[in-house]
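All of the numbers you see were taken from the coordinates with simple rules; none came from a lab. Note that the structure is a prediction, hence the values are computed from the model and not measured. Cβ: placed from backbone, ideal geometry, glycine included. Neighbour counts: every protein chain shown.
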Amino acid sequence: MKISKLVGERYKETPNGAQLKSHILLLRAGYIKQVSTGIFSMLPPAQRVSQKIQSIIRDEMNKIGGQEVLFPVVMPRELWEMSGRYQSIQDELLRFKDRNGHDMLLGMTHEEAAVHMVMNTVKSHDELPCMIYQIQTKYRDEARPRGGLIRVREFLMKDAYSFHTSQEDLDAYYKKVYDAYVRIYRRIGLKNFISVKSDSGIMGGKVADEFMLVTDSGEDRLVLCDKCGYKANMEVASGRKSPNEKEEEKPLEEVFTGNAKTIDELCHYLHITPDKTVKAVCYETEDARPVIAFLRGDYEINEKKLAKLCKSEIKVADTDKFDLVAGNIGLLNLTVQEDALVFYDTSIKGLENFVTGANKADFHVKNVCADRDLEEVTFDDIALVKEGDCCPVCGEKLTLTRGIEIGNIFQLGTKYTKTMGMKVSMPDGGAMEPIMGCYGIGIGRALASIIEEKGDSKGIVWPMTVAPWQVHFCPLRLDDENVSAVADELYRKMQEAGIEVLFDDRVVSAGVKLTDSELMGVPIRVVISPKTMANGTAEVTMRETGETNFIPLQNLLSELKAIIEDEIEEINKNI
RNA sequence: CGAGGUGUAGCGCAGUUGGUAGCGCGCACGGUUCGGGACCGUGAGGCCGUGGGUUCGAGCCCCGCCACCUCGACCA
């Protein structure tokens with residue numbers, strides 16, 4: 001490819017609005033162009049990377065027996081009514097009418113289509129297990145797209161669906177997919193990724209894992225133990241709190257605290273620290289029952305866990321609504337309506353001489369002792385893990401970090417086969433609804449994640465396995481006839497040798513060519529100029545390390561091929 | 001959906017008390033340069049997001065709408 005003909009341009013300045021490294025670099029280097037919020041076009045270099053990622057994914061899916069298929073983007077309402085999701089999914093599912101007024105939708109995931117494809121097609125246990133997958137556009141009407149390709153509305157995704165006649169069979173296959181995913185991420189050049197147990201949601205089956213790229217720029221919060229390997233999404237993570245110190249119990253005392261309502265204000269007013277206070281948070285359930293949760297002042301509530309205990313979706317409630325005194329809610333003498341749900345976090349257990357609201361305006365109670373003053377209370381784990389908490393498995397200090405979700409695998413169970421009525425006949429003459437697994441990887445997000453992990457201050461750094469081109473050929477002084485002639489010949493030879501080469505054929509200054517090549521991130525840069533030609537060499541620089549060698553021109557092709565092979569081998573050696 | 005913000009040339013931005021628009025980069029042409037975003041000259045490119053209003057006159061003031069950005073809520 002000649003860069004003079006390459007569609008797209010490169011920018012010096014950070015585009016307005018882009019914050020995330022991958023977003024900035026993809027825009028600056030001419031890989032993507034935004035069409036609308038969360039909707040992007042992929043320019044030629046991005047499309048080339050995308051296709052390489054896809055072919056690695058295809059290879060691994062085929063290796064575990066996957067059969068590639070293609071589901072439609074547009075589906076009729078009826079198909080999604082069979083699973084109940086036409087109703088249960090809200091605004092994220094984009095609905096519209098066709099010319100006949102028929103209700104249609106844009107696929108955001110394809111469980112229904114997958115079951116539709118195999119039901120009455122795969123009829124016998126003999127044909128299971130089977131796995132079908134596709135690489136195709138999804139549309140999710142995200143409330144808030146962000147971060148360039150990290151969170152978008154329209155995106156390319158590999159999604160796979162497997163069908164099994166027993167849980168054991170699914171378990172075994174699930175493990176195979178897990179291993180394939182690890183190989184995929186390694187092959188596209190990622191290093192700093194992990195899997196975490198995740199919340200399968202109210203709808204899903206029992207087992208779910210998320211693959212995460214560990215990075216500060218991620219939007220998911222992760223809890224890790226460096227010692228025993230405990231890994232969890234913040235939503236499901238538990239932390240062992242440091243035990244509350246034993247103190248001499250002091251008598252209860254009601255104190256005037258005036259306008260001190262928040263934990264900060266209270267601590268400032270009474271000269272205490274948040275870990276010697278207990279606060280209340282107030283929610284309501286779907287059927288409007290009040291939910292009050294108490295936790296130590298230095299902890300925050302884990303709404304997902306609280307919702308699970310309530311067996312209902314919950315939303316933050318106005319304290320007035322339930323006749324509670326905002327800012328002065330406390331553990332003692334709390335009067336609530338009969339159907340109220342009250343929970344106590346484990347951080348309160350054994351806590352002594354703490355301050356809590358007096359359940360009347362302007363007053364708090366001092367010297368409350370959990371063991372002495374609370375009666376028949378059970379403690380639940382409802383606080384978010386915080387810095388300093390310890391591993392629930394081994395007790396070591398936990399590490400809090402962030403991650404980008406780059407893939408997930410789910411055991412779906414029979415939710416879809418049951419609701420849609422798919423059965424296969426069994427050896428005993430009966431029939432059963434197959435047990436399903438589903439497995440997804442977002443292509444664009446994977447592409448952006450590679451940049452998040454490897455990009456540097458100069459630009460993108462592509463691993464050889466996914467690079468849009470293997471060699472960025474930058475002849476300097478193309479106005480010089482000798483350079484121009486040799487450049488044309490080398491370009492032709494590289495192409496003939498099967499090297500994927502981007503040829504900077506512009507007559508521009510060295511700085512322009514070199515900075516562009518660094519920005520675009522092609523792994524090997526080859527420079528020739530009157531200087532190098534004087535001693536018959538080409539300058540070969542590795543983008544990632546900056547390492548430079550001068551290679552005699554007659555060896556250039558074989559050297560380049562060797563470097564390319566070495567790089568690919570290095571990436572693939574651990575898979 | 002809640003809060004805040006921004007819309008002026010391909011990109012990044014300026015535009016004073018209201019008087020019909022500029023700068024840098026990029027682009028085109030000519031010339032001088034040439035291994036780290038060179039320089040000189042010439043030129044093209046704008047319905048100032050959009051609809052209304054105020055005014056002799058609106059990029060600027062007022063109202064509506066739209067688009068986009070950030071934080072939050074949401075996220076099979």
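Some observations on this one:
- Rg over Rh for chain A works out to 1.07, using Cα positions for both radii and the Kirkwood form for Rh.
- Label-to-label distance for A:S509 and A:R58 is 4.4 nm, based on points extended 7 Å past Cα in the beta-carbon direction.
- Structure-based [θ]222 nm, chain A - -39500 (n - 2.57) summed over DSSP H runs of at least 4, per residue, nearest 500: -8000 deg cm²/dmol
- Ranked by how many other Cβ atoms sit within 10 Å of their own Cβ, fewest first, the residues A:L79, A:L309, A:L398 fall in the order A:L309, A:L79, A:L398.
- Ignoring the sites themselves, chain A has its longest run without trypsin sites (Lys or Arg not before Pro) in a DSSP loop having at most 11 other Cβ atoms within 10 Å at A:312-572.
- To the nearest ten degrees, helix A:556-572 and the longest principal axis of the Cα atoms of chain A are 20 degrees apart.
- Efficiency of FRET between A:M542 and A:K2 - r from beta-carbon atoms, R0 22 angstrom, step 0.05: 0.45
- Compared with the direct C-alpha span, the chain from A:K227 to A:E286 gains 17.2 nm at full extension, assuming 0.36 nm per residue.
- Cross-linked pairs A:K308/A:K423; A:K123/A:K415; A:K2/A:K561; A:K454/A:K531: Cα-Cα separations exceed 29 Å for A:K308/A:K423; A:K454/A:K531.
- Taking a straight Cα-Cα cut-off under 30 Å and skipping sequence neighbours fewer than 8 places away in the same chain, the lysines within cross-link reach of A:K250 are A:K241, A:K261, A:K276, A:K279, A:K349, A:K360, A:K366, A:K386.
- Where no second cysteine Cβ lies under 4.7 Å, the cysteines concerned in chain A: A:C130, A:C267, A:C282, A:C310, A:C369, A:C390, A:C438, A:C474
- Fraction in percent of alpha-carbon pairs per bin - 5 Å, the stretch A:111-202: 3, 9, 14, 18, 23, 16, 11, 5, 2, 0
- Taking 0.36 nm per residue of separation and subtracting the Cα-Cα distance, full extension of the segment from A:I39 to A:K12 would add 7.4 nm.
- Length-normalised contact order for chain A - Cα pairs under 8 Å, 6+ apart - percent: 17
- Annotation note: GluC sites (Glu not before Pro) in the stretch A:290-355 located in DSSP loop regions with a Cβ neighbour count of at most 14 within 10 Å are A:E300, A:E313, A:E338.
- Extension gain from A:L332 to A:V69, taking 0.36 nm per residue of separation minus the Cα-Cα distance: 88.5 nm
- Within straight-line cross-link reach of A:K33, lysines at Cα separation under 16 Å, skipping those fewer than 8 residues along the same chain: A:K12, A:K21
- Taking a ≥ b ≥ c as the square roots of the eigenvalues of the Cα gyration tensor, an a/c ratio of 1.5 or more together with a/b no larger than b/c marks the stretch A:278-386 as oblate.
- At an R0 of 51 angstrom, the distance between the Cβ atoms of A:T414 and A:E569 translates into a FRET efficiency of 0.70.
- Global geometry of the stretch A:1-136, whether rounded, prolate or oblate, following the gyration tensor of its Cα atoms and the 1.5 cut on a/c: oblate
- Computed label-point distance, nm, for sites A:F363 and A:E219 using a 7 Å Cα→Cβ extension: 4.7
- Relative contact order of the stretch A:387-502: 16 percent, from C-alpha pairs under 8 Å at least 6 residues apart in sequence.
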